[in-house]
Amino acid sequence: PEPAIAAFSPEATASAVELERQEEVASEEGMPAPAVEEPVEVEALTPQAAFEATATPRAEIPEEEKPSEAGAPTPPSAILGFDWERLVGVKLFSWIAAIAFALAGVFFVKYGVDHGWVTAPVRMAIGLAVGVGFLVVCELKVAIGYRTTANALDGAGIAILYATLFAAHDTWHLIPQTVTFVLMVVVTAIAVVLSIRRDSVFIALLGLLGGFSTPALLSTGDDRPFSLFGYLLLLNAGLGWVAYKKRWPFLSVLTLVFTTIYQWYWVVRFLDSARVGIAVAVFLVFPIVAVMALWLAGRRDGEPSGELFERTAQLSAVLPLGFAIYGAAV
């Protein structure tokens, strides 16, 4: 009997032909026919099934060895919470360059004075032009892509303006004290505005240092408490606004420190029985302004203020007690 083959393949066809030949030879020689094996059904495989059958099985990865998001390594910047690379590689060298520019401007002014290169009005014009030029250049569109460098140049320009105005009044005697004071107040206001606009701590610090150094640099030794503390009150209000708006509590701390130095310097040098009322007003007004600013900032933001802001306001409220103890002692 002919073998029944379910699916034909080249190997199955060759086996059938060989079996027929052996049967013919056996019948001619009178030998028994070879035993016929049961036909094997060969299942037709698709190409994908054939590939899967012949492919080498891949070792399974144990569950505990598989990477997971929870066990993924945390980058160093996320662990430290601070971008040290950007601070050292970008901001630090930009700040150093700004300080170098400012010092170069100051030493140029001093060197020109010592050697008599140009007249005093020309020196003042050069200093003002360089300072204003830095501020103008940093406002151009090309400076948008170089924010850190622009902030550093703004700081250098502000420092050069402070130095030039002081030299124009104290060394060259070109502008009177009142005009110099007003111009330095304007420079301080520009620094405050730029620090908010550019979100730059560096500019804010330069404005703070320049603003508080103005009365000391332009002091004539006379007692003018209303001018001094009126200016300091405005400076406190402006810097306090910047600190609360940008959430920079250290500005409030530094403002309190420098204001306290001026207050106690005035007390030690000028206080007498005729000025006790002025001293009481001075030591009461500044803490009231600080507490009111803290309260208004909390209401405006709808959230509790930072702990450092609160501690600064509390410390300023303690200063009148220290003055009262001092007044009772002397």
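The values are calculated or read from the model by the stated rules, or taken from the named source; none is laboratory data. Note that the structure is predicted; figures quoted are calculated from it, not measured. In this analysis, Cβ positions are derived from the backbone assuming ideal geometry, glycine residues included, and neighbour counts consider all displayed protein chains. Just so you know, the surface numbers come from the protein's heavy atoms only, side chains and all, with ligands and any DNA or RNA stripped out. Shrake-Rupley method; radii C 1.70, N 1.55, O 1.52, S 1.80 Å.
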What is the number of the single condition among (1) closer than 13 Å to residue 235 by Cα; (2) touching a residue at least 40 places away in the same chain (Cβ under 8 Å) that residue 191 does not meet?
(2)
Among residues belonging to the stretch 191-213 that are in contact with a helix residue (DSSP H, G or I) (Cβ under 7 Å, 6 or more places away or on another chain) and polar (S, T, N, Q), point out the one that is surrounded by the fewest Cβ atoms within 10 Å (Cβ to Cβ).
200
Mind checking which pairs have a first residue in the stretch 120-149 that is under 23 Å from residue 167 (Cβ atoms) and a second that is outside any helix (DSSP H, G or I) and at pLDDT below 85, Cβ under 6 Å, 6 or more apart or different chains?
120/172
Select, from 215, 225, 176, the only residue that is farther than 20 Å from residue 149 by Cα and in contact with a Leu (Cβ under 9 Å, 6 or more places away or on another chain).
215
Contacts under 7 angstrom Cβ, first residue in the stretch 308-322 being assigned to a helix (DSSP H, G or I), partner open to solvent by 60 Å² or more (accessible area, probe 1.4 Å), 6 or more apart:
313/291; 317/291; 320/284
Of the residues that sit in the stretch 286-303 and are among the hydrophobic types (A, V, I, L, M, F, W, C) and in contact with a helix residue (DSSP H, G or I) (Cβ under 7 Å, 6 or more places away or on another chain), which one is modelled with the lowest pLDDT?
297
Given the conditions (1) surrounded by 13 or more Cβ atoms within 10 Å (Cβ to Cβ); (2) at pLDDT 90 or above; (3) of a type in the set (D, E, K, R), which single one is not true for residue 272?
(1)
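Rundown of residues vs (1) under 13 Å from residue 214 (Cα atoms); (2) part of a helix (DSSP H, G or I), yes/no style:
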residue	(1), (2)
148	no, yes
153	no, yes
156	no, yes
165	yes, yes
175	no, no
178	yes, yes
182	yes, yes
186	yes, yes
190	no, yes
Flag for residue 290 being of a type in the set (A, V, I, L, M, F, W, C), crowded, with 19+ Cβ neighbours inside 10 Å and closer than 30 Å to residue 199 by Cβ:
yes
Take the conditions farther than 25 Å from residue 121 by Cα, among the aromatic types (Phe, Trp, Tyr) and modelled with pLDDT under 90 and apply them to residue 166. Does it pass?
no
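Let's see how each residue does on (1) touching a Ser or Thr at 6+ places or on another chain (Cβ under 9 Å); (2) open to solvent by 10 Å² or more (accessible area, probe 1.4 Å); (3) acidic (Asp, Glu):
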| residue | (1), (2), (3) |
| --- | --- |
| 177 | yes, yes, no |
| 181 | yes, yes, no |
| 223 | no, yes, yes |
| 257 | no, yes, no |
What residue, among those in the stretch 173-211 that are of a type outside the set (A, V, I, L, M) and under 12 Å from residue 155 (Cβ atoms), is nearest to the chain's Cα centre (by Cα)?
200
On the basis of being closer than 22 Å to residue 251 by Cα and among the acidic types (Asp, Glu), does residue 199 make the cut?
yes
